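> Below are the structure tokens for one structure; questions will follow.
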Amino acid sequence: MNDLLRLPPKKWNLLISPSRLRLLVAIAYVAHQTDLVILDCGRQFDASIVARAAKGQKEIIDRIKVQRAFTCYEAVKLIEQLPGQNGPIVILDFLSTFHDENIKIQSRKFLLERSIEHFQKLVHGTGLAVSVNVPPDTPDSIYLFDRLQAAAPYVSIYEPLKDKTSQLRFF
């Protein structure tokens, strides 16, 4: 489909630290060709960016169905309800909902395992990409990140773009 959203058949792709802008443009590109389901876990989806990338073409924008999750419980419930058929599925910033320390780590681990199992079922459709950001430096978050990475058949790691601006020196 395109380089950023590699959607291999019968397997899912974990995208680590993709550029938000590039990912949203890639979503618009995929929507040119097929229906697309987005599960936004970290408030990453910006419809205005996707609309600009789609050049305002309503038929392209209408192919994108967005669902949002704010807790890991909601994320897993929505993943379990996703249809594994028609078009590709993109899950944005998946682990952000798992960083809530008010939820016991055992519950978060259990929900992550359920999600991974369901990812295997969803790949029988036309592709699944799951994006995550590098986790906070806490043992629980690192464990969840490592577990998800170990389960993924494909892992794509993106280096953040270096900011070429620098602070002006006055003296």
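The values are calculated or read from the model by the stated rules, or taken from the named source; none is laboratory data. Note that the coordinates shown come from a computational prediction; the quantities given were computed from them, not determined experimentally. Virtual Cβ from ideal backbone geometry, glycine too; neighbours counted across all protein chains shown.
> Identify all residues within the range 62-92 that are exposed (fewer than 15 other Cβ atoms within 10 Å of the Cβ), touching a residue at least 24 places away in the same chain (Cβ under 8 Å) and part of a helix (DSSP H, G or I); write none if there are none.
Glu80
> With respect to Lys58, is the statement that it is free of Cβ contacts under 8 Å to residues at least 12 places away in the same chain, within 19 Å of Leu144 (Cα to Cα) and exposed (fewer than 15 other Cβ atoms within 10 Å of the Cβ) true?
No: the conditions fail for Lys58.
> A further question on this structure: Can you name the residue in the range 54-69 that is aliphatic (A, V, I, L, M) and more than 18 Å from the chain's Cα centre (by Cα) and, of all such residues, is nearest to Asp40 (Cα to Cα)?
Here is the first cut: in the range 54-69, the ones aliphatic (A, V, I, L, M) are 54, 60-61, 64, 66, 69.
Within this subset, residues satisfying the condition of being more than 18 Å from the chain's Cα centre (by Cα) are 54, 60-61.
Details: Ala54: 19, Ile60: 19, Ile61: 16 Å.
Among them, the one singled out is Ile61.
> In the range 116-134, what residues are farther than 22 Å from Ala26 by Cβ, of a type outside the set (Val, Ile, Thr) and at pLDDT 90 or above?
Glu117, His118, listed by residue number.
> Sticking with this one: Sort out which residues of the range 123-143 are at negative phi and either aromatic (Phe, Trp, Tyr) or surrounded by 22 or more Cβ atoms within 10 Å (Cβ to Cβ) (or both), and write them in order of number.
First, pick out the residues of the range 123-143 that are at negative phi: 123-126, 128-143.
Leu128, Ala129, Val130, Ser131, Val132, Tyr143 - these are the residues of the range 123-143 that are at negative phi and either aromatic (Phe, Trp, Tyr) or surrounded by 22 or more Cβ atoms within 10 Å (Cβ to Cβ) (or both).
> Every residue in the range 96-109 that is part of a helix (DSSP H, G or I) and either under 11 Å from Asp40 (Cα atoms) or at pLDDT below 90 (or both), please.
Ser96, Thr97
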